[in-house]
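To start, the structure itself, in structure tokens.
No lab work stands behind these numbers, since they all come straight from the coordinates. Being a predicted model, the structure only gives us computed values, none of them experimental. Methodologically, a virtual Cβ is constructed for each residue, glycine included, from the backbone with ideal geometry; neighbour enumeration extends over all protein chains shown.
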Amino acid sequence: MFSGSIPALATPFKDGQVDEDAYRKFIDWQIESGSSALVPCGTTGESATLDNDEHHRVIGICAEQAAGRVKVIAGAGSNDTQTALWHMKEAQIAGADALLLVAPYYNRPSQAGLLAHFSYLAERTDLPIVLYNVPGRTVTDILPDTVIELHRRFPDRIIALKDASGDLSRVVTQRMGAGPDFCQLSGDDPLVLAGYALGQVGCISVTANVAPKLCADFHAAAASGDYATARGLNERLYPLHKAMFADASPAPAKYALSRMFDWFSPEVRLPIVQCSDAAKAAVDAAMEIAGIG
């Protein structure tokens, strides 16, 4: 169902509030630049510091502005199962096409707890679910056997995984266990090229916020098996992949966007702060290599 370059959209702020006008312009630019789907309220969208009304409104703005041109995969996860269910219901009302559900953070549930959590949610929605495994942030790790079992239980509901574990061997394990139709997406921009060779079909990306056309072109080349072109584009993008984490994300992405557009502020919410001078220099250098900005 999903493939290619999928930005985990940064949420623009102005004077402490969600900047709806900037967000709509940003969405249009992303779609026009070739992004294949959009993820509002992911990690890069600062979902952790959006209040609930903002969270649901941001999803609604994204779905409204996308207007069916691309699919909207709404971040709706929580470390509380009932809160995740609420976000899921609100996302569906807002017009989302699918749900991105992160592993519960802080609680550190067992694999049995993860199976129970995601099963409970899958039984209570009509929308397809993309599992999101990012143990570096959540501490909890959705192991391959759990992914495979969830897809076995809900083959028409739990249809995809965004994997930011950094372990590419899992792509093979999950493909062998869940089958080739299970949609595996990378959550690590620097690993995407290798991921394609193993069976991934796209990336929910930080870098695509800043370089959507280059990312879309890279994914198109990799998906078609044109690895010479894909390698060349990957090398243009690689410094930018690294620079996006030269400081706490999404500050570097927002700094880059503020350089590109006078309507996109670098403003972030505490406890994230704006880029250090060293991070800005890393972003500047990477943008020059990529030929953007």
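Subtracting the Cα-Cα distance of M1 and K242 from their residue separation scaled by 0.36 nm leaves 83.9 nm. Considering only K25, K213, K71, the Gaussian network model of the chain with Cα springs below 10 Å gives its largest mean-square fluctuation to K25.
Taking every DSSP beta bridge with both residues inside the chain, roughly what % is antiparallel (nearest 5)? Spell out each step's value before the answer.
On the way: 2 of 26 bridges.
Antiparallel bridges: around 10 percent, rounded to the nearest 5.
Between amide H atoms placed 1.01 Å from N, distances below 5 Å from G202 occur with G4, S186, all of them 5 or more places distant or on a separate chain. Calculate the translational D of the stretch 38-92 in whole µm² s⁻¹ from Stokes-Einstein, where the hydrodynamic radius comes from the Kirkwood formula applied to all Cα pairs, the temperature is 20 °C and the viscosity 1.002 mPa s. This corresponds to a translational diffusion coefficient of 192 µm²/s.
Close Lys pairs in the chain, defined as Cα atoms under 24 Å apart and 8 or more places apart or on different chains, number 21. Debye sum, Cα scatterers, the stretch 162-293, no solvent: what log₁₀ I/I(0) at q = 0.14 1/Å? The computed values of log10 I(q)/I(0) come out as -0.65. What the phi angles of the stretch 252-267 give under the Karplus curve with 6.51, -1.76 and 1.60, with θ = phi - 60°, is a coupling list of x, 5, 5, 4, 4, 5, 5, 6, 7, 9, 6, 9, 10, 7, x, 4 Hz, glycine and proline written as x.
Residue farthest toward the positive end of the dipole of the stretch 4-230, with Cβ of Lys/Arg at +1 and Asp/Glu at -1: which of L85, P212, A67? Positive-end residue among those listed: L85. Scanning residues 5 or more positions from I158 or on other chains, those with amide H under 5 Å from its amide H are I129, with H placed 1.01 Å from N in the peptide plane.
If you scale each eigenvalue of the Cα gyration tensor by 5 and take the root, what three semi-axes come out for the stretch 128-184, rounded to whole angstrom and sorted largest first? Please list the in-between numbers first.
Values: eigenvalues 60, 31, 17 Å².
Computed over the stretch 128-184, the values are 17, 13, 9 Å.
So how much slack lies between V172 and R153, counting 0.36 nm per residue of separation and subtracting their Cα-Cα distance, in nm? Mind dumping the intermediate values first?
Working: separation 19, 0.36 × 19 = 6.84 nm, distance 1.99 nm.
Net length gain for the segment: 4.9 nm.
Within the listed set D188, D51, D145, the residue fluctuating most in the Gaussian network model of the chain (springs between alpha-carbon atoms under 10 angstrom) is D51.
A straight chain from R24 to E64 at 0.36 nm per residue would run longer than the Cα-Cα distance by 13.5 nm. One Cα centroid belongs to the stretch 105-141, the other to the stretch 4-18; the line between them spans 24 Å.
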